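Written below as structure tokens is the structure these notes are about.
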């Protein structure tokens with residue numbers, strides 16, 4: 001999930017996406033809970049738990065956006081950018097436990113009850129599902145709009161942006177809302193079949209399907225954020241660009257090693273080991289290192305830190 005120009009992304013856009021999602025899911029959670037309590041639908045109760053989990057998770061995302069924007073200090077000299085991934089990982093765990101596991105258990109309990117069930121308040125349930133679908137679309141469109149804008153800035157497709165961006169807030173909201181829309185369709189299907197057959201088994205199966213869907217989304221988000229927390233390499237295009245700039249200097253015999261790591265949203269650390277010509281002097285090495293740093297930061301402003309290790313052909317530092 002590494003962007004090429006993510007440093008230009010608007011922090012306010014991430015916050016707006018998360019705030020919209022929080023407001024939408026809070027209202028939906030209340031409506032679903034009322035409909036679920038009145039109808040006794042396991043699918044609706046699961047959907048209410050899903051929306052409550054989403055609301056809580058999006059509060060975590062808002063915390064992530066704000067805390068990761070703090071400036072560097074002596075204890076964290078590279079800043080707090082990667083804290084965003086920690087909080088987003090917690091949100092993924094919340095989706096899995098608060099949404100996925102609860103929904104599956106709710107569905108299993110409904111299946112255990114078994115038998116025919118006339119149910120009730122179907123009209124209210126359909127109205128809540130329809131309104132929830134419309135509101136979820138608002139949040140989904142906001143997340144998609146940000147992702148498209150981000151993808152356009154870095155010159156790649158939106159589906160690539162989903163997995164390669166260094167900003168997990170919009171990605172998490174987008175996947176949550178996509179799962180929510182699919183969950184609403186599953187819930188409506190389960191309720192409709194329940195109403196048509198007078199068999200509550202369909203309601204329980206819909207609840208289990210919603211839980212499995214949320215579990216898949218949570219695992220996918222968790223894996224991506226784990227990679228960034230551990231320390232993911234920068235976009236290959238960035239690496240190729242930096243390597244080409246270093247190798248372009250005639251004093252450089254070889255770029256022996258180039259290491260990169262994402263340290264935050266649109267922030268990359270670069271460390272390079274280069275082999276220089278034997279005849280270069282210490283003063284020339286110093287001037288060359290400064291020139292390389294200026295060139296790299298100018299060409300790739302998302303590189304926040306650049307470190308250079310210089311060696312000579314003989315394997316000893318130049319004098």
Checklist line | Qualifying residue in the stretch 246-262 (condition: assigned to a helix (DSSP H, G or I) and over 23 Å from residue 70 (Cα atoms)) | finding: yes
Check: When residue 272 is evaluated against the numbered criteria (1) under 30 Å from residue 291 (Cα atoms); (2) out of contact with any strand residue (DSSP E or B) (no Cβ under 7 Å at 6 or more places or on another chain); (3) at pLDDT 90 or above, which criterion, by number, is the only one it fails?
Finding: (2)
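What residue, of 186, 193, is touching a strand residue (DSSP E or B) at 6+ places or on another chain (Cβ under 9 Å) and in a helix (DSSP H, G or I)?
Working: 186 fails: touching a strand residue (DSSP E or B) at 6+ places or on another chain (Cβ under 9 Å).
On inspection, the qualifying residue turns out to be 193.
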Margin query: Quick test for you: out of 24, 59, 65, 19, pick the one residue that is farther than 16 Å from residue 181 by Cβ, within 21 Å of the chain's Cα centre (by Cα), surrounded by 21 or more Cβ atoms within 10 Å (Cβ to Cβ) and assigned by TED's automatic domain parsing to the domain that holds residue 145.
Written below: 65
Check: Limited to the stretch 97-111, what total is found for residues that are over 14 Å from residue 45 (Cα atoms) and at pLDDT 85 or above?
Finding: 1
Next item on the list: Restricting attention to helices (runs of 4 or more DSSP H) lying wholly within the stretch 35-130, give those where 3 or more residues are within 19 Å of residue 187 (Cβ to Cβ) and in contact (Cβ under 8 Å) with a residue 60 or more places away in the chain.
Entry: 42-68, 102-113
Note to self: Looking at 181, 221, 186, 212, can you tell me which residue is surrounded by fewer than 20 Cβ atoms within 10 Å (Cβ to Cβ), at negative phi and touching a helix residue (DSSP H, G or I) at 6+ places or on another chain (Cβ under 6 Å)?
What the structure shows: 181
Checklist line | Candidate set: the stretch 263-308, residues that are assigned to a helix (DSSP H, G or I) and touching a helix residue (DSSP H, G or I) at 6+ places or on another chain (Cβ under 7 Å); chosen: the one surrounded by the fewest Cβ atoms within 10 Å (Cβ to Cβ) | finding: 299
Check: If we scan the stretch 133-153, do we find a residue that is in the same structural domain as residue 65 (by TED's automatic domain parsing), surrounded by 17 or more Cβ atoms within 10 Å (Cβ to Cβ), in contact with a helix residue (DSSP H, G or I) (Cβ under 9 Å, 6 or more places away or on another chain) and not in a helix (DSSP H, G or I)?
Finding: no
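The values are calculated or read from the model by the stated rules, or taken from the named source; none is laboratory data. Note that the structure is predicted; figures quoted are calculated from it, not measured. Please note: Cβ atoms are built from the backbone with ideal geometry, for glycine as well, and neighbour counts cover all protein chains shown.
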